[in-house]
């Protein structure tokens, strides 16, 4: 029995009253206890210190003089919460107890065990101090990191929730609870799809979560619309990622909720603006095509799929509800042009290329239209041969050209008539002068011959002038023939005085 410790080197190593073999065994036991790194203190039934090992002296600062003193009088032991009360319960009941306390910057777990003799009588309690400072620091660090993580998650604007493998809520951030108007206690262990009147439970979402947990494939974000109290209808984008926690075989899922209402509204507004812009562009194009009488088309040759613009339907006067086919187009082609159209179709089907083609259309009312087509055939993004082009109604142009030709022809005729009239007047003038001279001279000659006596000399002179005027008329005819036969012009000398006298005499 340990009754009084014998101190050595500041600790205790033996007990008084122990002799012989028992003393040797006790010394061995003391050496073993001194070798233990954690403090051990034995307390009697009256709570006095019976003995302690070297670690207790080194770690707790116990002195040999503390042996026999009440535990409440030793400062380090007095800080152990309810030590004497717990020792009493252990001594009385024989069941060990535990207590936590702090000594300076160290944390200890005190194990209070009953100290019994060989006959089973409890003589006191054995206090074993385990230094848990490192563990406590790790624990505190873990708590700190957990609290930091919670704080960080609670600052995230988007709701986050962690689900178990059976899709029940394990934890969530503040944004989640605020959005759905619930508390942690109300949702702990509750299936996610029971929230918000089961609005979060569309079949694709549940199916994807199950397949992701099974490792089938990655989760594809899902959009969900729901009306929230105080917020109205919102559009949420749900995404999910599997969580793998070290040391835990159970798989969990992190589900994120992103409020994309504003984005969807912006996208809807942009789509509306784009549609309005497209409608405006289409109306602008349709109006431009109407004014210019140009329609466009595309023809996917392999599928024989033809797409026409509204204006092209107007040009051909087809019902826009009727699908356009090559055979339907043939019904409008003028009977004198089908061969040319067939050559165009055959070439387009064979090789594509560039086309520039004019044709006539025979309309149901018997009128004729003229069209001009330009097109280009090539491979589209699917590798198919496609013909894209435009057709212009040039009927008015043709009619204008025909009217212009007629006007030009009439103008030419009028010019010819005018020229002929001027030429005729000039010819008449040129011939009238010598003819008038001939008539005048002949009359004068008759008067001279009718005189009594006759003026033969005068008549003879007058006859010569008549012959001269006849030659002048002949020369006019000769010059006209030279003019119309494109002969080279001749230059002759003219006595202006004589010409003047001739004019005087002829008048």
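Values computed for the structure shown
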read-out	value
Tally of residues being within 20 Å of residue 258 (Cα to Cα) and surrounded by fewer than 16 Cβ atoms within 10 Å (Cβ to Cβ) across the stretch 185-196	1
Any hit, the stretch 419-439, residues being in a helix (DSSP H, G or I) and in contact with a strand residue (DSSP E or B) (Cβ under 8 Å, 6 or more places away or on another chain)	no
Qualifying residue in the stretch 81-99 (condition: surrounded by fewer than 14 Cβ atoms within 10 Å (Cβ to Cβ), assigned to a strand (DSSP E or B) and at pLDDT 85 or above)	yes
Test: residue in the stretch 410-430 that is in contact (Cβ under 8 Å) with a residue 12 or more places away in the chain and either surrounded by 13 or more Cβ atoms within 10 Å (Cβ to Cβ) or within 44 Å of the chain's Cα centre (by Cα) (or both)	yes
Selection count where residues are exposed (fewer than 13 other Cβ atoms within 10 Å of the Cβ) and either under 23 Å from residue 318 (Cα atoms) or touching a strand residue (DSSP E or B) at 6+ places or on another chain (Cβ under 8 Å) (or both), scope the stretch 344-360	4
Residues satisfying the stated conditions in the stretch 221-259, i.e. touching a helix residue (DSSP H, G or I) at 6+ places or on another chain (Cβ under 9 Å) and in a loop (DSSP other than H, G, I, E, B)	231, 251
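The values are calculated or read from the model by the stated rules, or taken from the named source; none is laboratory data. Since we're looking at a predicted model, the values are computed, not measured. Because the Cβ atoms are built from the backbone with ideal geometry, glycine has one as well, and the counts that use them run over all protein chains shown.
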